[in-house]
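Data first, discussion second: the structure below is written as structure tokens.
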Amino acid sequence: MQAGKDDIQKTGGNGPSLTREQFTQAFHDMLLIRRFEEKAGQLYGMGLIGGFCHLYIGQEAVVVGIQMALKDGDKLITSYRDHGQMLAAGMTPRGVMAELTGRATGYSRGKGGSMHMFSREKNFYGGHGIVGAQVALGIGLAFANKYRGTDEVSIAYFGDGAANQGQVYESFNLAALHKLPCIFVIENNLYGMGTSVERASASHEMWRNGEPWGIPGRRVDGMDIATVNEAAVEAVAHCRAGKGPYLLEMMTYRYRGHSMSDPAKYRKREEVDEIRKTRDPIEHVRQILLDAGTTQEDLKAIENDIKAVVNDSAEFAQTSPEPDAAELYTDVLLEA
Amino acid sequence: MATDILMPALSPTMTEGTIARWLKKEGDAISSGDVLAEIETDKATMEVEAVEEGILGRILVPEGAQNIAVNTPIAILVSEGEEVPEKSAAAPQAAPAHQTDDAPVASPVSASAAPRALSTPEPEKDWGPTAEITVREALNQAMAAELRRDPDVFLLGEEVAQYQGAYKVSQGLLAEFGEKRVIDMPITEHGFTGMAVGAALTGLKPIVEFMTMNFSMQAIDHIINSAAKTLYMSGGQMGCPIVFRGPNGAAARVGAQHSQCYGSWYAHVPGLKVVAPWSSADAKGLLRASIRDPNPVVFLENEILYGRKFECPTDEDFILPIGKAKVEREGAHVTIVTFSIMVGVALQAAEELAQQGIEAEVINLRTLRPLDTATVVESVKKTSRLVTVEEGWPFAGIGAEVAMQVIEHAFDWLDAPPVRIAGEDVPMPFAANLEKLALPQASHIVDAVRGIV
């Protein structure tokens, strides 16, 4: 199985591709995630970020392409590999980076860290560290949409590793039974930590995992922003129309180890290099834009802007104060 | 501008490492993502990737060098055409704030551990006329009242709707509130509890009924990791107003897997409130308060009590505060602290003791977290003796916590060591005689009290 290469299922129609403006925006949003994550890796190496830190490098097209299909009020939830989702949702690089360094100015005021950030304003419901838990919570977000009578949808992101958890299938059943507007997005980056999909899952066609419950699914080239977006548009329309959940298997790839302390010896360097060279989601869009007449200078300007934003976030994250000692005791309970 | 490449920390615990091999040499062009070197950490050999583009100007630490501290400059990166400096531009960077910042802060641990001043218990409000109802009816009335009061409240669980509740606690609710708000769930506790917690994070107020609390173990990850911790992990952004309720503890002859008390389990967890009512008034007043509470509340009922009748205020607005114990019987010679079904057993023991001239004060905790330590301590200061009674296992149980609180706050008032009465430290047996032997009886309490008075 290769990232987005083989066996791409086209169960829906080919929608219109993206406009140049959309490609430009996608280039910006994906590159922001890439540069932000590289910086996070750097700060981790400097000892400024402690503990666990799971980078999203390589998977950028998935969240950016899906985000482009959403509207205000749609709800998001994911695992601990969450930095990309947060930036795509419009959370600020400063707030995310400051949380990574455990500072008072972070989204959780330094009490959550890399794996646990939230934004009520951006409808981002976390950053969850227990593999698969976000899927059951995610159908709860969809339940709330339905209970309130809105046409909002919920996106529950999880990896190929989480796809084997029992509660994922309990959630499929509940979502289908109650026709909940939930899009299950399996980010299949081929490895659950160090175990390949082949060694972990008897089924290699995860897009079909919802079939027993009648949940339509598609396998999508998750390295191609236009394809991701087209599939997301179809899934969102399905959910908004009240037809129940939808499953997208995004074939993608992470360039870095599972977490910062993973030497990734379970795969060959050549495998990573090959995908990086031939399938990189950002370079792919760069070429589309250049072919469409965007100049190198235009792209360089975007890159410079992003570099400034990311450097600013790192500076902010390093110079912000640590949380006050009194914060240890706050936010345990709300006043009744 | 020349920049230093620093010895990276490649694991949460790495403080130094060995440069096993340089994969680039001086003068090589570097682009982002290139592997520069291999470093042996305390755990593994890791590749170091370049973050910035440029030319590898100078290697400061040769391969094979060992015990290189994190953040030591190991190479210098320059731009095309730039002169390569001899030495690192910066002195080795100060180690990061979170590792070295040992400036004294207010000492939170001691602040937490020190006995806090206890407020004087307030007298309970008089709610006026009462009528006799069962605990089952009280719970049912509480849910109906809160479902009427707040459209964001809904009930879900196994057999709660069409079947009218496995123990008929939700009888009639489907008819009044409809299937949108009284929702049957498949037998899938992990999934539906996660779903309910997710809905609560958006501000809805689910009541999750577990057919018995034993089945909440299937879902305990969501109760603790998802419901109890999210407010803290989100820096106060996301509360979780939800109630997890159902019968707890031993029923009768249902064996080991269906007979256990979760009081101590859930009371251990910051971010949860844990309520354990005894009477109909407790059940009604505290369930209403639990549903209105903005925090996750574990509400531990008791199957044997469902059919018992107690006087309960008839006032439509009747509600009880979470966190307040009740002195069910006053007495001067010993304080018996207990909760749930054991309150009745303790009162029975107190009657027997009274006939022997010993006046026991019986405290019904009603809430296990937050514990009403003030009421317990005030009583012990009067009686100077403490006996705790619970149905659950003794080790690390509620009795252990109550005794410790009394030791912290009223050690000098004690005239005898506290005594703990609990269920036997074994899985619940099935045989009628063995089951009876496994559970605390009034005679155990009488004997324990007579041993210290």
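Residue-wise test of (1) touching a residue at least 24 places away in the same chain (Cβ under 8 Å); (2) among the small types (Gly, Ala, Ser); (3) under 15 Å from B:THR230 (Cα atoms); (4) part of a loop (DSSP other than H, G, I, E, B).
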site	(1), (2), (3), (4)
A:GLY102	yes, yes, no, yes
A:TYR107	no, no, yes, yes
A:SER114	yes, yes, yes, yes
A:LYS122	yes, no, no, yes
A:ILE130	no, no, yes, yes
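Of the candidates A:SER79, A:SER154, the single residue that is among the small types (Gly, Ala, Ser) and in contact with a Cys (Cβ under 6 Å, 6 or more places away or on another chain) is A:SER154. So, of the residues in the stretch A:269-280 that are in contact (Cβ under 8 Å) with a residue 40 or more places away in the chain and either crowded, with 20+ Cβ neighbours inside 10 Å or over 11 Å from A:ILE57 (Cα atoms) (or both), which turns out to be farthest from the other protein chains (Cβ to nearest Cβ)? The qualifying residue farthest from the other protein chains (Cβ to nearest Cβ) is A:ARG279. Quick check: anything in the stretch B:308-320 at pLDDT 95 or above, surrounded by fewer than 19 Cβ atoms within 10 Å (Cβ to Cβ) and of a type in the set (Lys, Arg)? Taking every residue of the stretch B:308-320 in turn, at least one turns out to be at pLDDT 95 or above, surrounded by fewer than 19 Cβ atoms within 10 Å (Cβ to Cβ) and of a type in the set (Lys, Arg).
Among the conditions (1) loosely packed, with under 12 Cβ neighbours inside 10 Å; (2) touching a residue at least 40 places away in the same chain (Cβ under 8 Å); (3) of a type outside the set (A, V, I, L, M, F, W, C), the only one that A:TYR266 does not satisfy is (1). When A:PHE118 is tested against (1) touching a residue at least 24 places away in the same chain (Cβ under 8 Å); (2) buried (at least 23 other Cβ atoms within 10 Å of the Cβ), just one condition goes unmet, and that condition is (1). Looking at B:LEU6, B:LEU56, B:LEU77, just one residue is more than 10 Å from chain A (Cβ to nearest Cβ), under 52 Å from the mean Cα position of the chain (by Cα) and closer than 27 Å to A:GLU303 by Cα, and that residue is B:LEU77. Being surrounded by 20 or more Cβ atoms within 10 Å (Cβ to Cβ) and either closer than 28 Å to B:MET46 by Cα or without any contact (Cβ under 8 Å) to a residue 12 or more places away in the chain (or both) is a condition met by at least one residue of the stretch A:320-335. Criterion first (more than 22 Å from the chain's Cα centre (by Cα), under 23 Å from B:LYS436 (Cβ atoms), surrounded by fewer than 24 Cβ atoms within 10 Å (Cβ to Cβ) and touching a residue at least 60 places away in the same chain (Cβ under 8 Å)) does B:GLU352 satisfy it? So B:GLU352 fits the description; yes.
Test of understanding: among A:GLY138, A:GLY51, A:GLY132, A:GLY84, which residue is within 8 Å of chain B (Cβ to nearest Cβ) and surrounded by 23 or more Cβ atoms within 10 Å (Cβ to Cβ)?
Within the list A:GLY138, A:GLY51, A:GLY132, A:GLY84, the selection yields A:GLY138.
Within the stretch B:188-195, none of the residues are buried (at least 24 other Cβ atoms within 10 Å of the Cβ), of a type in the set (Val, Ile, Thr) and within 7 Å of chain A (Cβ to nearest Cβ).
Go through the stretch A:164-212 and give me each residue that's in a helix (DSSP H, G or I), among the aromatic types (Phe, Trp, Tyr) and over 18 Å from B:HIS190 (Cα atoms).
Across the stretch A:164-212, the qualifying residue is only A:TRP207.
Could you grab me the full set of residues in the stretch B:27-62 that are assigned to a loop (DSSP other than H, G, I, E, B), at pLDDT below 90 and of a type in the set (D, E, K, R)?
To start, the set of residues in the stretch B:27-62 that are assigned to a loop (DSSP other than H, G, I, E, B) comprises B:27-28, B:31-34, B:41-44, B:50-53, B:60-62.
Adding the requirement that they be at pLDDT below 90 leaves B:31-34, B:41-44, B:50-53.
If the condition is that a residue be assigned to a loop (DSSP other than H, G, I, E, B), at pLDDT below 90 and of a type in the set (D, E, K, R), then B:ASP34, B:ASP42, B:LYS43, B:GLU52, B:GLU53 are the ones that fit.
When each of A:GLY112, A:GLY132, A:GLY102 is tested for being out of contact with any Phe, Trp or Tyr (no Cβ under 8 Å at 6 or more places or on another chain) and of a type in the set (Gly, Ala, Ser), the lone residue that passes is A:GLY102. Of all residues in the stretch A:235-266, those that are away from chain B (no Cβ under 14 Å) and either over 17 Å from A:GLY159 (Cα atoms) or part of a loop (DSSP other than H, G, I, E, B) (or both) total 11.
The values are calculated or read from the model by the stated rules, or taken from the named source; none is laboratory data. Every value quoted in this text rests on a predicted model; they were computed, and no experiment measured them. Positions of Cβ are backbone-derived with ideal geometry, glycine not excepted, and every protein chain shown enters the neighbour counts.
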